[in-house]
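Peer 1: Structure provided below as C-alpha cells; questions to follow.
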Amino acid sequence: MAVYDDSRHTTRRQFTVFSPGVVSDLTWAEEARMPQTFSDVACTVCGCVCDDLRLTFSGDRLTNAERACHLAQPWFNALANSPQPPAATVKGRPVSFDTAVQHAADILKASRSPLVWGLSRSSTAGQKAAVLLAERLGANVDTTASVCHGPSIMAIQQVGESTCSLGEVRNRADMVIFWGADPVKSHPRHFERYSVDAPGLFLPLGRADRHVVVVDSEETETSRLADTFLKIRPDSDFDVIWLVRQLLRDIEPSNIPDVGLTHDELRNFAGQLKSCRYGAVFFGLGLAQRGFRHANVEALLRLVKDLNDYTRFTARRLRIPGDVTGADAVLCWLTGFPFAVNFTRGYPRYNPGEYTANDLLEHREVDACVLVGSESCRDLSARARRMLTTIPIIALDYPHITPAVQATVQFRTAVYGIHAPGTAYRMDEVPIPLKQLVPSEYPTDDHVLAAILGRL
C-alpha cells in the first residue's frame with residue numbers, strides 16, 4: 001500500500017514499489033526524470049503518418065524513438081537535442097510573448113497585401129487559425145500543395161478520382177504501381193505498412209501475393225525492388241498513358257512516338273492492368289511536376305477510370321509533408337477551395353498561378369508574410385526566396401527546427417503530437433489523432449495566431 005508524505009514543508013514523498021515492504025524515497029524532481037514510454041504515437045514527418053511509434057522520455061526530454069524511419073530519426077534526434085530557444089524574438093532579440101504578438105500585429109496592420117503560407121507541418125487547430133487570420137486581413141492564404149501536388153488537385157477537380165484508403169490497398173491490392181515516385185526514399189515505411197510488404201485480409205503472404213510495377217524516367221531505389229520496371233523517356237508520361245488507354249480498348253495506335261518502351265512492352269503492361277483483381281497506382285511529383293503537370297495527372301486518372309470497366313482500380317497521391325492533406329481539408333471546409341485562396345474582396349477566390357505563394361512572391365505582390373513552418377520556404381524558387389528577404393516576416397517554427405528564413409518576428413511553438421494534442425490527416429484523408437505526451441512552455445500555433453488576430 002502506498003504511503004504519501006504530502007506536507008508543505010517537504011518535496012519528498014514515499015511510496016511502495018513493486019512489493020510490500022520495499023519503499024522508494026524519491027523527490028518530485030527525481031520522479032519527473034523517470035523514463036516514460038508512450039505507445040502508438042503518430043509521426044508527422046511524411047504523409048504516411050505512421051501511428052505505431054514508441055517514444056521514451058526522461059522527464060520532458062526524448063531519449064528513444066522506436067520504429068522511426070530514416071526520415072523520422074533525424075527529426076526526433078533534433079527534438080531530443082534541441083537547445084530550447086526563446087519562445088519569441090523580434091529582430092533576433094528575445095522578447096516577451098505579448099511584445100512579439102503586438103509587433104506582429106503592427107506589421108500586419110500596416111500591410112496592404114499580406115500572405116499566409118505553409119500550414120503543412122501544423123495541425124487542424126493551427127491551420128484553422130491561420131485561415132481565420134488570413135480572412136480577417138483580407139490576405140492570400142496558400143499551402144505547400146502549390147509547390148507539390150497542386151497540379152494533382154487541379155486534375156482531380158477536372159475529372160474526379162477513383163480512390164481508396166491505404167487500408168484497402170493493404171488488404172486487397174494484388175497489383176501496385178508507383179508512377180513518378182520513389183517511396184523507398186520519400187516514404188520509407190510505405191512498403192512495410194500499406195502497399196507492398198504488408199500482409200492483408202485477402203493477401204496473407206504480403207509481398208509474395210503482389211506484383212509491383214514502377215514507371216519512371218530513371219532508375220530509383222524503388223525500381224530496384226519492383227517486379228517490373230518500365231523506364232520511359234523523360235516527360236513522355238502523357239504519351240505513355242494515352243497509348244495504354246488505346247491498347248486497353250484494343251485500338252492499335254497508328255503511330256507510336258518514342259516513349260522509351262516497345263509496342264510489346266506497352267501491350268503487356270495494358271494486359272497486366274486488366275487482369276489484376278485489384279490495382280492501385282501511387283503517383284508522385286515525377287508525374288505531377290514535370291512535363292504537362294496537371295494534364296499528366298488528368299490522363300492517369302482517366303486511365304484508372306477506364307480500368308474500372310475491367311477490374312477494380314484506384315489512384316492515390318503520395319503526399320510528402322506530414323499534414324498537407326489536413327491543410328487542404330481545412331481550407332476546403334472553411335473556404336471551399338484547397339489552396340491558393342485570396343480574401344482581398346472579403347470573400348474567398350481561388351486561382352492557382354495567381355494566388356499561389358511562389359507566384360505572388362516572384363511577382364513582388366506581397367508586402368508581409370506569415371509563415372506557419374518556415375522550412376517550407378526551401379521549396380520556393382530562388383527568386384521567391386529573395387523576395388522574402390525584402391519584406392517583414394512573422395514565422396512560427398518548432399523549437400528543434402532551424403528556421404529557413406530570417407524572420408522579423410519569430411515564434412517557437414509546441415510540437416503537435418508531442419507537446420500538444422491535435423489532428424493530422426494521412427495522405428488518404430484519414431484523420432489521425434495526435435496525443436500530448438509531455439508538457440511544454442511553448443504556445444501552440446493556434447494560440448499564437450489567435451493572439452495576433454485578437455490584436456488586429
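The values are calculated or read from the model by the stated rules, or taken from the named source; none is laboratory data. Computed from a predicted model, the values in this text were never measured in an experiment. Neighbour counts are summed over all protein chains in view; Cβ atoms, including those assigned to glycine, are modelled from backbone coordinates with ideal geometry. Just so you know, the surface numbers come from the protein's heavy atoms only, side chains and all, with ligands and any DNA or RNA stripped out. Shrake-Rupley method; radii C 1.70, N 1.55, O 1.52, S 1.80 Å.
Peer 1: What residues of the range 70-92 lie in the reach of a label at GLU192, counting those whose backbone N is under 17 Å from a point 7 Å from the Cα along Cα→Cβ?
Peer 2: 70-77
Peer 1: In whole Hz, what ³J(HN,Hα) sequence does the range 72-81 give by Karplus (6.51, -1.76, 1.60; θ = phi - 60°), x for Gly and Pro?
Peer 2: 6, 4, x, 5, 5, 4, 5, 5, 5, 9
Peer 1: Going Cα to Cα from LYS231, which lysines come in below 21 Å? Please leave out same-chain ones fewer than 8 positions away.
Peer 2: Of all the lysines, those that pass the test against LYS231 - Cα under 21 Å, at least 8 places apart if same chain - are LYS185, LYS274.
Peer 1: Determine the dipole magnitude for the range 286-396: charges of +1 sit on the beta-carbon of Lys and Arg, -1 on that of Asp and Glu, nothing else is charged, the reference point is the Cα centre, and the result goes in debye to the nearest 20. Intermediate results must be reported in sequence, preceding the final value.
Peer 2: Working: 15 positive and 12 negative charges, 46 e Å.
Computed about the Cα centre, the dipole is about 220 debye.
Peer 1: Long-range amide H contacts for TYR278: which residues qualify at under 5 Å (H placed 1.01 Å from N, peptide plane, sequence gap of 5 or more or a different chain)?
Peer 2: Result for TYR278 returns ASP174, MET175.
Peer 1: Still on this structure, please answer the following. With each run of n ≥ 4 DSSP H residues scored as -39500 (n - 2.57), what mean residue ellipticity at 222 nm is computed for the chain after dividing by its residue count and rounding to the nearest 500 deg cm²/dmol?
Peer 2: -9000 deg cm²/dmol
Peer 1: At 0.36 nm per residue, and after removing the present C-alpha to C-alpha distance, how many nm does the segment from VAL430 to ARG67 gain when stretched out fully?
Peer 2: The span from VAL430 to ARG67 would gain 128.6 nm if fully extended.
Peer 1: Follow-up question, since we're still on this one. Need one number for the chain: average projected area of the convex hull over its C-alpha atoms, nm².
Peer 2: Result: a mean projected hull area of 26.4 nm².
Peer 1: Considering only protein heavy atoms, with the full assembly of protein chains and a 1.4 angstrom probe, order ARG121, ARG61 by accessible area, largest first.
Peer 2: Numbers: ARG121 35, ARG61 90 Å².
From most exposed to least exposed: ARG61, ARG121.
Peer 1: May I ask for the distance between the Cα centers of the range 400-415 and the range 145-177, given as a whole number of Å?
Peer 2: Rounded to whole Å, the Cα centres lie 32 Å apart.
Peer 1: Select from ALA327, HIS294, LEU307 the residue farthest towards the positive end of the dipole of the range 291-337; place +1 on Cβ of Lys and Arg, -1 on Cβ of Asp and Glu, and compute about the Cα centre.
Peer 2: Of ALA327, HIS294, LEU307, it is LEU307.
Peer 1: Compute the Kirkwood hydrodynamic radius of the range 208-344, taking the inverse of the mean of 1/r over all pairs of distinct Cα atoms, and give it in Å to one decimal.
Peer 2: Value: 16.6 Å, from the Cα pair sum.
Peer 1: Next up: Could you check the spin-label model distance between ASP309 and ALA80? Points 7 Å from the Cα along Cα→Cβ, value in nm.
Peer 2: 5.6
Peer 1: Have a look at the DSSP beta bridges in the chain and tell me what percent are antiparallel, nearest 5.
Peer 2: Restricted to the chain, the bridges split so that about 40 percent are antiparallel.
Peer 1: Where the accessible area of the chain is counted over protein heavy atoms with a 1.4 Å probe, how much of it, in %, is carbon and sulfur?
Peer 2: C and S fraction of accessible area: 49 percent.
Peer 1: Additional query: Taking the Cα atoms only, what angle lies between the long axis of helix 294-307 and the longest principal axis of the chain, rounded to 10 degrees?
Peer 2: For 294-307 against the chain, the angle is about 70 degrees.
Peer 1: Semi-axes, largest first, in whole Å: what does sqrt of 5 times each Cα gyration tensor eigenvalue give for the range 152-237?
Peer 2: For the range 152-237, the semi-axes come out at 22, 18, 11 Å.
Peer 1: Return the lysines within reach of LYS128: Cα separation strictly under 29 angstrom, same-chain partners fewer than 8 residues apart disregarded; answer none if there are no such residues.
Peer 2: LYS91, LYS109, LYS435
Peer 1: Using all C-alpha to C-alpha distances in the range 89-238, build P(r) with 10 Å bins and read off the rounded percent in each one.
Peer 2: Whole-percent P(r) values from 0 Å outward: 9, 23, 27, 16, 16, 8, 0.
Peer 1: In whole Å, what are the Cα extents of the range 307-456 along the three principal axes, biggest one first?
Peer 2: 57, 43, 31
Peer 1: Would you work out the charge dipole size for the chain about its Cα centre, treating the Cβ of every Lys and Arg as +1 and the Cβ of every Asp and Glu as -1, and quote it to the nearest 20 debye?
Peer 2: For the chain, the charge dipole is close to 640 debye.
Peer 1: Let's test the formula: R0 of 41 Å, r as the Cβ-Cβ distance of ARG455 and SER275. What FRET efficiency results, to the nearest 0.05?
Peer 2: 0.05
Peer 1: Which FRET efficiency value, to the nearest 0.05, is calculated for GLU265 and GLU221 with the Förster distance at 22 angstrom and r the Cβ-Cβ distance?
Peer 2: Rounded to the nearest 0.05, the efficiency is 0.50.
Peer 1: Just flag the chymotrypsin sites (Phe, Trp or Tyr not before Pro) in the range 143-210 sitting in loop per DSSP whose Cβ has no more than 13 other Cβ atoms within 10 Å.
Peer 2: Of the chymotrypsin sites (Phe, Trp or Tyr not before Pro), the ones in loops of the range 143-210 whose Cβ has at most 13 other Cβ atoms within 10 Å are PHE202.
Peer 1: How big is the charge dipole of the range 72-152 about its Cα centre, in debye rounded to the nearest 20, if each Lys and Arg gets +1 on its Cβ and each Asp and Glu gets -1 on its Cβ?
Peer 2: My answer is approximately 100 debye.
Peer 1: Still on this structure, please answer the following. Quote the FRET efficiency, to the nearest 0.05, computed for GLN157 versus ARG54 with a Förster distance R0 of 35 Å and r equal to the Cβ-Cβ distance.
Peer 2: Details: r = 40 Å, r/R0 = 1.14.
E(calc), rounded to 0.05, equals 0.30.
Peer 1: Accessible area per residue, 1.4 Å probe, Å², for the chain: what's the number?
Peer 2: Details: 19920 Å² over 456 residues.
Value returned for the chain: 44 Å² of accessible area per residue.
Peer 1: Related question: Starting from the Cα gyration tensor of the range 63-142, multiply each eigenvalue by 5, take the square root, and state the resulting semi-axes largest first in whole Å.
Peer 2: The answer is 31, 19, 10 Å, longest axis first.
Peer 1: Lys/Arg Cβ at +1, Asp/Glu Cβ at -1, dipole of the chain taken about the Cα centre: which of PRO348, LEU225, GLY150 is farthest positive-ward?
Peer 2: With unit charges placed on the Cβ atoms, the residue in question is PRO348.
Peer 1: Find, to one decimal place in angstroms, the Kirkwood hydrodynamic radius of the range 272-334, where the mean of 1/r is taken over every pair of different Cα atoms and then inverted.
Peer 2: Computed over Cα pairs of the range 272-334, the Kirkwood hydrodynamic radius comes out at 13.3 Å.
Peer 1: Also, I was wondering about something else. Find which of ALA72, GLY59, THR89 sits farthest along the positive direction of the dipole of the range 46-121, computed with +1 on the beta-carbon of Lys and Arg, -1 on that of Asp and Glu, about the Cα centre.
Peer 2: THR89
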